[in-house]
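The next block holds one structure in the form of structure tokens; read it before the comments.
The values are calculated or read from the model by the stated rules, or taken from the named source; none is laboratory data. These numbers were taken from a predicted model, which means no experiment stands behind them. Methodologically, a virtual Cβ is constructed for each residue, glycine included, from the backbone with ideal geometry; neighbour enumeration extends over all protein chains shown.
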Amino acid sequence: MSDGLLDGRQLRAFVVLARCGSFTEAARQLFLSQSAVSHAMKALETRVGCRLFDRTGKNATLTQAGEQLLHHAERILAEMMKAQNELKRLNKWGQSRLRIGASATACQYLLPTIFREFRESFPDCTISIEPGDTPLAVELLQEHRIDLAFVLEPRREERLAFVPLFEDELQFLVSPLHEWAKAGKVKEADISRQNYILYGKASYTFQMIDDYFRTQNRVLPSCIELGSMEAIKEMVKVGLGISVLAPWVAAEDLRQKLLVALPLGPKKLARKWGIAHARGRRLTLSEETFIGICRTVTENLETRITVL
């Protein structure tokens, strides 16, 4: 037998000829000339290293070796057809899989609107969501356990591509009864003396806040650490401390004047949000659509941030 894989077209011609036993009929079914079928069978016999047919004029009868190959060839072609149909199914609207990693903030405040619109175009798409902050989402991407991650821009991840969506600004959130809210401004001398209620210390957001205040020669005192934005906001409302969050996370509370947002200082603390995926991987139709919807939804979000 010659080295190399069997040719799929030759196998198909072989199966058709084996079933009908006639070069003329095989050529008709394959839309080829009889000469082409004959040459294909000679090439296949050369590749496998044995005679597959006994020829009588334009007719052909399988040899013992041919019968053995037919058994395998039919299974091979069936698997090839199955694979082809699966790939076609994935390329149809709504017939795909989407595995998303997203921070708790994105899961709670952004993804419900995004997926509601996504479902209109891909009603039968299988969706799975892995909640987790940026470090975990990056790890899942690198392990190929998710396809896309809705996260803050990863740091120095050369194996990942990042599609920017929007930027936000972290600000102090305080109760309307807090002295800063009453004064309408932050008293810089009091910043290090406040009780802070902040999002998880392992998150990018906490690291950014900590780095920001260190550049201001301020070290935050010990704080209450929570993994829920809603819990943080409720504790701030009742005066148990202050927090540092993006205003859009508390948009409704700010509109109802249940919370007050104040700038951290002259220097802003901005974050960049976007979609991360493996660099060099061609995105599927459903993935490209998902990113497009994310862009549309977050463009509106930026407008709401400006209004606030």
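Cβ-Cβ under 8 Å, sequence separation 6+ or interchain: first residue in region 110-132 and within 15 Å of Ile100 (Cα to Cα), partner in a helix (DSSP H, G or I) and of a type in the set (Lys, Arg). Which pairs?
Sorted first by the residue in region 110-132, then by its partner, the pairs are Cys125/Arg119.
What number of residues in region 35-47 are surrounded by fewer than 17 Cβ atoms within 10 Å (Cβ to Cβ) and touching a residue at least 24 places away in the same chain (Cβ under 8 Å)? Break it down into steps so the answer makes sense when it comes.
Initial filter on region 35-47 (surrounded by fewer than 17 Cβ atoms within 10 Å (Cβ to Cβ)): 35-36, 39, 42-43, 46-47.
Now restrict to residues that are touching a residue at least 24 places away in the same chain (Cβ under 8 Å): 43, 46-47.
Qualifying residue count, region 35-47: 3.
Select, from Gln256, Gln216, the only residue that is modelled with pLDDT of 90 or more and among the polar types (S, T, N, Q). Spell out how you get there, then give the answer.
Details: Gln216 fails: modelled with pLDDT of 90 or more.
None of the others qualify; the one that does is Gln256.
Check off (1) at pLDDT 90 or above; (2) among the small types (Gly, Ala, Ser); (3) within 30 Å of Glu139 (Cβ to Cβ); (4) out of contact with any strand residue (DSSP E or B) (no Cβ under 8 Å at 6 or more places or on another chain) for Ser228 and give me the number that stays unchecked.
All conditions pass for Ser228, except number (1).
With respect to Ala189, determine if the residue is surrounded by fewer than 13 Cβ atoms within 10 Å (Cβ to Cβ) and either over 30 Å from Gly101 (Cα atoms) or outside the structural domain of Gly101 (by TED's automatic domain parsing) (or both). Spell out how you get there, then give the answer.
Values: surrounded by fewer than 13 Cβ atoms within 10 Å (Cβ to Cβ): yes; either over 30 Å from Gly101 (Cα atoms) or outside the structural domain of Gly101 (by TED's automatic domain parsing) (or both): yes.
Yes; evaluated as a whole, the condition is true for this residue.
Name every residue in region 10-32 that is of a type outside the set (Val, Ile, Thr) and in contact (Cβ under 8 Å) with a residue 60 or more places away in the chain, in order of residue number.
Residues of region 10-32 of a type outside the set (Val, Ile, Thr): 10-14, 17-23, 25-32.
Of everything in region 10-32, those that are of a type outside the set (Val, Ile, Thr) and in contact (Cβ under 8 Å) with a residue 60 or more places away in the chain turn out to be Leu11, Arg12.
Looking at region 41-91, which of the residues that are under 30 Å from Thr284 (Cβ atoms) and of a type in the set (Asp, Glu) is modelled with the lowest pLDDT? Reasoning before the result, please.
Of all residues in region 41-91, those under 30 Å from Thr284 (Cβ atoms) come to 75-91.
From what's left, of a type in the set (Asp, Glu): 79, 86.
Values: Glu79: 87, Glu86: 67.
Ranking the qualifying residues of region 41-91, first place goes to Glu86.
Which residues, taken from region 210-236, are small (Gly, Ala, Ser) and surrounded by 12 or more Cβ atoms within 10 Å (Cβ to Cβ)?
Step one: list which residues in region 210-236 are small (Gly, Ala, Ser), which gives 222, 227-228, 231.
Within region 210-236, Gly227, Ser228, Ala231 meet the criteria.
Ile127 - would you say it is within 18 Å of the chain's Cα centre (by Cα) and closer than 27 Å to Phe206 by Cβ? Outline the logic, then answer.
On the way: within 18 Å of the chain's Cα centre (by Cα): yes; closer than 27 Å to Phe206 by Cβ: no.
No.
Which residue pairs have Cβ atoms under 7 Å apart, sit 6 or more places apart or on different chains, and have a first residue in region 169-183 that is on the phi < 0 side of the Ramachandran plot and a second that is exposed (fewer than 12 other Cβ atoms within 10 Å of the Cβ)?
Listed by first residue and then by second, the contacts come to Glu169/Ala270; Pro176/Lys257; Trp180/Lys187.
Condition first: surrounded by 13 or more Cβ atoms within 10 Å (Cβ to Cβ) and in a loop (DSSP other than H, G, I, E, B). Now tell me which residues in region 146-166 satisfy that.
Taking region 146-166 and keeping what is surrounded by 13 or more Cβ atoms within 10 Å (Cβ to Cβ), we get 146-154, 157, 160-163, 165-166.
Matches in region 146-166: Ile146, Asp147, Glu153, Pro154, Glu157.
Just to be sure before I move on: is Ala276 in contact (Cβ under 8 Å) with a residue 24 or more places away in the chain and over 26 Å from Leu136 (Cα atoms) in the structure I sent? Talk me through it step by step, then tell me what you get.
Working: in contact (Cβ under 8 Å) with a residue 24 or more places away in the chain: yes; over 26 Å from Leu136 (Cα atoms): no.
Judged against the criteria, Ala276 is not a match.
Looking at Leu5, Leu17, Leu32, can you tell me which residue is surrounded by 15 or more Cβ atoms within 10 Å (Cβ to Cβ), closer than 19 Å to Ile76 by Cβ and either assigned by TED's automatic domain parsing to the domain that holds Ala78 or out of contact with any strand residue (DSSP E or B) (no Cβ under 6 Å at 6 or more places or on another chain) (or both)?
Values: Leu5 fails: surrounded by 15 or more Cβ atoms within 10 Å (Cβ to Cβ); Leu32 fails: closer than 19 Å to Ile76 by Cβ.
Going through Leu5, Leu17, Leu32 in turn, just one is surrounded by 15 or more Cβ atoms within 10 Å (Cβ to Cβ), closer than 19 Å to Ile76 by Cβ and either assigned by TED's automatic domain parsing to the domain that holds Ala78 or out of contact with any strand residue (DSSP E or B) (no Cβ under 6 Å at 6 or more places or on another chain) (or both): Leu17.
Which condition from (1) at pLDDT below 95; (2) buried (at least 18 other Cβ atoms within 10 Å of the Cβ); (3) among the aliphatic types (A, V, I, L, M) is the one that Leu285 breaks?
All conditions are met except number (2).
Out of Arg47, Arg116, Arg55, I need the residue that is farther than 30 Å from Gly8 by Cβ and basic (Lys, Arg). Which one? Explain how you work it out, then say what you get.
Details: Arg47 fails: farther than 30 Å from Gly8 by Cβ; Arg55 fails: farther than 30 Å from Gly8 by Cβ.
Of Arg47, Arg116, Arg55, the one residue that is farther than 30 Å from Gly8 by Cβ and basic (Lys, Arg) is Arg116.
Find the residue count for region 167-196, including only residues that are touching a strand residue (DSSP E or B) at 6+ places or on another chain (Cβ under 8 Å) and not in a loop (DSSP other than H, G, I, E, B).
Number satisfying all stated conditions: 11.
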